[in-house]
1. Along Cα→Cβ, 7 Å out, is where each label goes; now give me the distance between the ones at residue 276 and residue 126 in nm to one decimal.
2. Note down the nm distance, to one decimal, between modelled labels 7 Å out along Cα→Cβ at residue 91 and at residue 115.
3. Treating segment 245-295 as a set of equal point scatterers at the Cα positions, no solvent, please give the Debye-formula log₁₀ I(q)/I(0) at q = 0.14, 0.19, 0.22, 0.27 Å⁻¹.
4. Could you name the lysines in cross-link range of residue 259, using Cα to Cα under 29 Å and dropping any fewer than eight places away on the same chain?
5. P(r) for segment 127-175, please, calculated from all Cα pair distances in 10 Å bins and given in %.
6. What is the extension gain from residue 141 to residue 200, computed as 0.36 nm multiplied by their sequence separation minus the C-alpha to C-alpha distance, in nm to one decimal?
7. Give me D for segment 136-295 in µm² s⁻¹, whole number, from Stokes-Einstein with Rh from the Kirkwood sum over alpha-carbon pairs, 20 °C and 1.002 mPa s.
8. Taking only Cα atoms of segment 167-256, what ratio of Rg to Rh do you get with Rh as the Kirkwood inverse-distance radius?
Amino acid sequence: MKKLIAFALASILTLGLTACGGGASSTGSSAAASTAASASTAASAADSTDASATSGESATPTLDAIKEKGTFTLMTATGFPPFEYLGADGQPAGVDIDVGQLVADELGVEYEVLDMDFGLLIEALKSGKGDMIGAGMTVTDERAQQVDFTVTYATAGQVLLLPADSTITSAEELKSGDCTVTVQANTTGDIYVQDTLGISSPLQFKNAVECAAALAAGKADAAVIDSVAANTIVKNYEGELKVLDEMVTEENYALAIAKGQEDLVEFVNQVIEKNIENGTIDKLLEEHTALSSEG
Ligand code: GLN
């Protein structure tokens with residue numbers, strides 16, 4: 001029933017569509033992503049009794065503070081199905097949203113979701129607007145200097161989303177000056193296109209859904225976006241768009257937590273590990289892939 005809606009067609013360049021085939025020079029495609037954060041084994045993150053959170057003496061100061069506050073806040077960026085999208089009720093839904101709920105439930109507190117642009121998430125986390133980022137976020141060295149990552153809960157990579165009749169067969173071909181490439185601003189796809197392919201000014205949108213809409217509207221020759229999102233979104237553009245199989249990067253998704261909150265990282269790691277083992281994460285991926293591409 002639900003159809004992913006694309007808005008924000010802001011000030012888009014109208015480019016006569018050239019074939020954009022051609023260039024075939026090669027460079028190695030070193031992925032922008034780094035390896036995942038190490039899997040720390042969780043200490044006992046069970047109920048902490050002292051909820052005073054007034055001194056640093058408690059072994060679980062962050063968990064104590066969240067319990068005292070009574071709300072666990074997840075920050076996300078919808079437009080990235082099946083990890084986060086707007087549900088039929090207009091509210092954020094998706095794998096990350098449900099994982100955040102699992103954490104809140106384990107903490108025994110209320111749950112709140114803040115939806116914002118992907119590029120604003122890390123600063124928002126650092127300034128304390130929420131407790132955790134759940135946004136299909138790839139672990140990279142640069143991000144790991146600013147936030148702490150939990151264990152990996154999903155893997156993906158960048159792929160090319162193309163018009164169904166495109167003759168492009170590899171990322172290398174995008175280097176041709178004729179090509180207009182669209183990306184999600186500030187994502188690993190954006191970094192790959194700019195740093196690895198050397199395309200200095202890709203057409204940036206704030207999320208994957210908007211990239212796909214621009215592509216379908218003939219504003220670009222290709223989108224470079226995360227595989228899972230591309231494969232989900234393409235279902236809404238049957239006969240219009242296609243995904244190229246080749247994965248040009250290998251990436252690990254993790255949840256992000258502000259520096260200095262090791263107790264929360266350990267607690268969330270336990271929740272993730274438990275829900276990977278019991279199959280919940282796989283089930284959520286399946287469910288939300290179906291739900292977010294319904295229509
Ligand atoms: N995985 C990509 C990144 O971390 C894209 C995430 C997203 O668009 N939500 O940059």
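Bear in mind that the values in this text are calculations on the coordinates, not laboratory data. None of these values were measured; they are calculated from a predicted model. Cβ: placed from backbone, ideal geometry, glycine included. Neighbour counts: every protein chain shown.
1. Here the modelled spin labels are 2.8 nm apart.
2. Label-label distance for residue 91 and residue 115, simple model: 1.1 nm.
3. -0.58, -0.88, -0.96, -1.01
4. Once the sequence-local lysines are set aside, what remains near residue 259 is 67, 69, 126, 129, 206, 274.
5. 17, 35, 24, 20, 4
6. Details: separation 59, 0.36 × 59 = 21.24 nm, distance 2.15 nm.
Taking residue 141 through residue 200 to full extension adds about 19.1 nm, to one decimal.
7. In µm²/s, the coefficient is 128.
8. My calculation of the ratio gives 0.93.
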